[in-house]
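The values are calculated or read from the model by the stated rules, or taken from the named source; none is laboratory data. Every value quoted in this text rests on a predicted model; they were computed, and no experiment measured them. Virtual Cβ from ideal backbone geometry, glycine too; neighbours counted across all protein chains shown. These area figures cover heavy atoms from the full protein model, side chains too; ligands, DNA and RNA do not enter into them. Shrake-Rupley method; radii C 1.70, N 1.55, O 1.52, S 1.80 Å.
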Amino acid sequence: MIKRIIVATASLVFAVGCAQAQEVKVGVVLPYTGVGAELAQQQDRGMELYLKMHADAIKPYKITLIKRDAKNPGGADAKIAVQELLTQDKVDILAGWNYSPNAIASAPIVTAGKKLAVISNAGSGHITNLSPYFVRFSFSMWHAGYAMGEATVKNLNAKTAVVGYTDFPPGKDMLASFKRAFEASGGKVIDEIPMGGAGAVPDFTPFFQRAKDKKPDVFFVFVPAGDHSSAVVKTYNALGMREAGIKLIGPGDITQDNKLQAMGSAAVGLITMHHYNVDLDNLENKQFVAAWKKAYGADSTPDFMAVGGYDSMAAIVHVVRTLKGKIDTDKALETLKGWKYNSPRGPIMIDPQTRDIVMNEYLSEVVMQGGKLVQKPIGKIDAVKDACKTLKVGPCAN
Amino acid sequence: MIVAAIKPTEHLAALAFAGRHRPRVWEPAPWIFAIAFYFAFPNYLGFGTELLVTILFALSLDLVLGYAGIITLGHAAFFGAGAYTVGMLAYHGIWNEPISSLMLAAIVAALVGLGSGLVLLRTQGLTLLMLTLCTMALLEEAANLGHEYTGGFDGLASLPIPPLLGLFEFNPLYPRTQYLYVLIVLFIAFLFVRTLIYSPFGQSLAGIRENTLRMHAVGSPVRARLITCYTISAAIAGIAGGLWAQANAYVNLTTLSLDRAAMVLIALILGGYGRIYGGFVGAVAYMALAHFLAKLYPTGWQLGLGLLLVVIALFARNGILGIGEALLRRIRAKHMPQ
């Protein structure tokens, strides 16, 4: 008897719940295991945090996240996950993609499935060209690289540069974008040094010694966010490159916020260009960081991947609210094209032509403040578009 | 009387040996199951296709590892060679007809197998293991360096694969064609491998695995047999890779990675190597578990898979099929008249 009552009540509650809340299913594909697990956690937490912070604004709609592990950058597992989210779970919106190869492999399915697909990380320039349903809320590698190339001449007065990069597509994109902007502004890249693959952290000494011997004004380094950057800073100091007057510069990947404090005083003086760092001085960022620390602990620090996840969810909520819970893909795309939003990274917009993000790039210098490493703003470029598509470079031309 | 009692048993053993290649009653079961899967789970065909490709890949590995006893950790070299053959020909607009590209994939992979086999198979044991690994790593790095042609780490995407036989479209969202296509190719390859292992050639491979010296002593051309076997296996792995590239309309560096080589090795050992159905059982067990656990617990599914592997490694050295065989032997022993 009691069992029956419980079942009846439960089904009643369920029925009422269904009637009240218009449910929108969002399929999230991220590498929850393996080497990308830490990056996926940042994005996942960013998404969850947005839902938590804006619970009132989302009512009466209900956003359900269906999370699937993309496992590795192989493409196949992510593709199967996307296929099943579309055909089994019948999701209304897709989100995620940490590794570019997975976004590239999923593109034909996204196109066939005709659902809005919000990219929260994958940064290879041409990805948004591969499916008309991709909208990117992270970055293109060209955002930071191209902006840094210009700023190195204008703000840092450098004439010569050596580029050291991890030898995989993001690294090659970084090299191409930095070189193009730097040389267009009047600088000269005097050496390009591939520094091993992304899989393991190499011994950087021979690469850095080669850079030092060329005596450039700046040494531009791109390595994947994570353990690589600590090794970069250590080697830079060990070889006395700072004393030799060579500035270490790079995109924000080398000063990833949740790794920065562990680098210690060796990181002081590092100059980076990026669309986000945790020290950005704006209201949205202060609220975001405070909520993050409250939710995930004072020791936990959000980084640009977390903001990618947060802004992706902001976009999804915007679509759900505008369309009143009934997700029509074409209308959703129209809603997002040209959409402006105040993100923790400052004002952002979706370029209606490319469906890629337009955002500010911040030039910062790492300084020690009260025993903590802080990224001090020393320059800013407003409303930066993905230069890869503007300049029609390589695969970005199609 | 005594003579009469012995004769039938002798006769039985001889009969069993002579008829060992005949199909068993249960042998159609996996194929019926595969066809039933097609109708029962139309939304799982993406996963099903990946599973069938892995089975084919495991079958090719079984030929070298299980039958010829060649220890290799670099079998993805041939998978990748086949995948890149299909991928690069299609991407650069040279050739993309599915069936003939698959044959080209087999030929290229076989050439890679022959070339590397001529050098590698002079060695044995750990040296051989290391060298197979190195071959694969060299190919992977070559594909990375030649990124203008291979697409590097990002791979070659949206390959233009035309309809099969000009009739059946490869739909990315509902991969029905892909599933049946891979299933048919798998069946043909299976028939070939099954015939091969029960042939005198296959028996000589088992002989080499069990006692190389004795095979030399009886005048068997050991090295030529091993190289032939390695080449055939490479061709089948190349077909598996080609199928993978066609089914996904995609190819990237992970087709040549240690992850793929290790995964298929684990699946084969899990199922039971040296048994033609070992790859079937192992791939299904490993991939189904990984797939559904990952669906339930996207962050912690590897724990469940790891536990299974530990249990199998501890208690079932011959894999899942080994457990079945041991049980069968016990039942038979019980029912056998003393």
- Query: Mind checking whether some residue in the stretch B:220-234 is surrounded by 24 or more Cβ atoms within 10 Å (Cβ to Cβ), under 30 Å from A:Ala198 (Cα atoms) and within 14 Å of chain A (Cβ to nearest Cβ)?
  - Reply: no
- Item | Filter result (of a type in the set (S, T, N, Q) and assigned to a strand (DSSP E or B)) within the stretch A:158-204 | A:Thr160
- Message: Return the pair list, or none, for Cβ contacts closer than 7 Å from residues in the stretch A:313-324 that are without any contact (Cβ under 8 Å) to a residue 40 or more places away in the chain to residues that are part of a helix (DSSP H, G or I), at least 6 apart or on different chains.
- Response: A:His318/A:Thr335; A:Thr322/A:Thr335; A:Leu323/A:Lys331; A:Leu323/A:Ala332; A:Leu323/A:Thr335
- Task: Could you grab me the full set of residues in the stretch B:190-219 that are open to solvent by 70 Å² or more (accessible area, probe 1.4 Å) and farther than 25 Å from B:Phe280 by Cα?
- Result: B:Leu213, B:Arg214, B:His216, B:Ala217, B:Val218
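Could you list, in sequence order, all residues of the stretch A:91-103 that are of a type in the set (Gly, Ala, Ser), more than 8 Å from chain B (Cβ to nearest Cβ) and in a helix (DSSP H, G or I)?
A:Ala103
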- Note on the structure: Residue count, the stretch A:44-62, condition more than 14 Å from every other protein chain (Cβ to nearest Cβ) and either surrounded by 21 or more Cβ atoms within 10 Å (Cβ to Cβ) or outside any loop (DSSP other than H, G, I, E, B) (or both), comes to 12
- Is there a residue being of a type outside the set (Val, Ile, Thr), within 14 Å of chain A (Cβ to nearest Cβ) and under 19 Å from B:Gly113 (Cα atoms) anywhere in the stretch B:265-288? no
- Query: Can we say B:Ile70 is more than 30 Å from A:Ser106 (Cβ to Cβ) and open to solvent by less than 10 Å² (accessible area, probe 1.4 Å)?
  - Reply: yes
- Task: Scan the stretch A:78-90 and give yes if some residue there is touching a helix residue (DSSP H, G or I) at 6+ places or on another chain (Cβ under 6 Å), open to solvent by 10 Å² or more (accessible area, probe 1.4 Å), closer than 22 Å to A:Lys326 by Cα and more than 9 Å from every other protein chain (Cβ to nearest Cβ), otherwise no.
- Result: no
- Among (1) more than 14 Å from every other protein chain (Cβ to nearest Cβ); (2) open to solvent by 60 Å² or more (accessible area, probe 1.4 Å); (3) more than 21 Å from the chain's Cα centre (by Cα), where does B:Tyr174 come up short? (1)
- Of A:Gly145, A:Gly164, which residue is in contact (Cβ under 8 Å) with a residue 12 or more places away in the chain, more than 18 Å from A:Ile93 (Cβ to Cβ), open to solvent by less than 30 Å² (accessible area, probe 1.4 Å) and within 15 Å of the chain's Cα centre (by Cα)? A:Gly145
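Residues are listed down the side, and each one gets a yes or a no for (1) more than 9 Å from chain B (Cβ to nearest Cβ); (2) surrounded by fewer than 24 Cβ atoms within 10 Å (Cβ to Cβ):
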position: A:Gln22; (1), (2): yes, yes
position: A:Thr64; (1), (2): yes, yes
position: A:Ala105; (1), (2): no, no
position: A:Thr111; (1), (2): no, yes
position: A:Ser120; (1), (2): yes, no
- Query: Does the stretch B:131-150 include one or more residues that are β-branched (Val, Ile, Thr), in a helix (DSSP H, G or I), within 14 Å of chain A (Cβ to nearest Cβ) and in contact with a strand residue (DSSP E or B) (Cβ under 8 Å, 6 or more places away or on another chain)?
  - Reply: yes
- Item | Only one of B:Leu205, B:Leu253, B:Leu186, B:Leu243 that is under 28 Å from A:Asn102 (Cα atoms), away from every other protein chain (no Cβ under 14 Å) and in contact (Cβ under 8 Å) with a residue 12 or more places away in the chain | B:Leu186
- Task: Give the number of residues within the stretch A:237-290 that are aliphatic (A, V, I, L, M) and in a helix (DSSP H, G or I).
- Result: 10
- What is the one condition in (1) open to solvent by 20 Å² or more (accessible area, probe 1.4 Å); (2) modelled with pLDDT of 90 or more that B:Leu296 does not satisfy? (2)
- Task: Please specify each residue of the stretch B:15-54 satisfying the condition of being surrounded by fewer than 11 Cβ atoms within 10 Å (Cβ to Cβ) and within 14 Å of chain A (Cβ to nearest Cβ).
- Result: B:Ala40
- Query: Could you list, in sequence order, the residues of the stretch B:81-97 that are buried (at least 23 other Cβ atoms within 10 Å of the Cβ), among the aliphatic types (A, V, I, L, M) and over 20 Å from the mean Cα position of the chain (by Cα)?
  - Reply: B:Ala90
- Message: Taking the criterion of being assigned to a helix (DSSP H, G or I) and open to solvent by less than 40 Å² (accessible area, probe 1.4 Å), would at least one residue in the stretch B:155-167 satisfy it?
- Response: no
- If we ask which residues in the stretch B:98-126 are outside any helix (DSSP H, G or I) and open to solvent by 80 Å² or more (accessible area, probe 1.4 Å), their number turns out to be 2
- Task: Take the residues in the stretch B:132-149 that are free of Cβ contacts under 8 Å to residues at least 12 places away in the same chain and of a type in the set (Asp, Glu), then tell me which one is least open to solvent (accessible area, probe 1.4 Å).
- Result: B:Glu141
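Yes/no matrix, rows are residues, columns are (1) over 22 Å from B:Gly152 (Cβ atoms); (2) under 18 Å from the mean Cα position of the chain (by Cα); (3) not assigned by TED's automatic domain parsing to the domain that holds A:Lys337:
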{"site": "A:Ala37", "(1), (2), (3)": "yes, yes, no"}
{"site": "A:Glu48", "(1), (2), (3)": "yes, yes, no"}
{"site": "A:Ile63", "(1), (2), (3)": "yes, no, no"}
{"site": "A:Ala76", "(1), (2), (3)": "no, no, no"}
{"site": "A:Thr87", "(1), (2), (3)": "yes, no, no"}
{"site": "A:Gly96", "(1), (2), (3)": "yes, yes, no"}
{"site": "A:Ile104", "(1), (2), (3)": "no, yes, no"}
{"site": "A:Lys115", "(1), (2), (3)": "yes, no, no"}
- Please find, within the stretch A:168-202, the residue that is farthest from B:Glu148 (Cα to Cα) out of those that are more than 14 Å from chain B (Cβ to nearest Cβ) and in contact (Cβ under 8 Å) with a residue 60 or more places away in the chain. A:Ala181
